[in-house]
Amino acid sequence: MSIGSYFKPSADGGMISIQSSTADLKAFEDFAKLVPKAAAAAQRRAINKTLGWLRTHIARAYPVSGGATSGKLWFGLNAIESSRIGRARQSGSGVSVAGRRYQGAFLKQVYGNKPDIWIRTASKHFNADDYPDSTVSGGGGASSGWVAENGNRFPLAKAKVSLEQARPHFDTWVKRANARLLEILRQEFNFELQKYLKGTANV
């Protein structure tokens, strides 16, 4: 039985399931019995369009195909690198990006193939709140997080942005998704109905 769209949280993200409620589907029951393939196609398109609409706002969608009656949208809530939220700019006192300021930090390619925002954990400007989920590196080898600089070694932390505060907003998006799905479902059923009526008129 369809229970409508819902949100299931997890430790590092969550899943929004997009599907028509039982009440919504009953409104189209007669048409669905008359032309089940057209009804299924309309529902599938409506779900995919709703997922696309949500994806532009918050997450990654998994499109549906065949006779699927629900679609899923996954979103991650792990902290993301601050260098990914905008164009980072280095100044003499630190790094700024998307309105955030990291005093004492520097923009440098340390690991991987792109520069990130780093700070020495021994810096007087180091604040763990600005570096959430960042494993503070320690000594002991090339891959341990220690970076050679000016002949010495310094433990570093990467600047990240926590997305924990985003969790409450997903309930709102689920409600919006329900309304959006119903709106698109009506449009898609109307489209299929018009095609059906046009076909019967030509018989």
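Just so it is clear, none of the values below were taken in a lab; they were calculated from the coordinates. From a predicted model like this one, the values you see are computed outputs, not experimental measurements. Methodologically, a virtual Cβ is constructed for each residue, glycine included, from the backbone with ideal geometry; neighbour enumeration extends over all protein chains shown.
My understanding is that a pair violates if its Cα-Cα distance is over 25 Å; which of K72/K175; K8/K114; K37/K198 do that in this structure?
K8/K114
Cβ under 11 Å from W53's Cβ, W53 left aside: what net charge do those residues give with Lys, Arg +1 and Asp, Glu -1?
Cβ neighbours under 11 Å give a net charge of +3.
Testing the spin-label approximation: label points 7 Å from Cα along Cα→Cβ at H125 and Q103. State their distance in nm.
That separation, rounded to one decimal, is 0.9 nm.
Sorted by mean Cβ packing within 10 Å, highest first, what order do the peptides 31-38, 108-115, 177-184 take?
In descending order of packing, they fall as 177-184, 31-38, 108-115.
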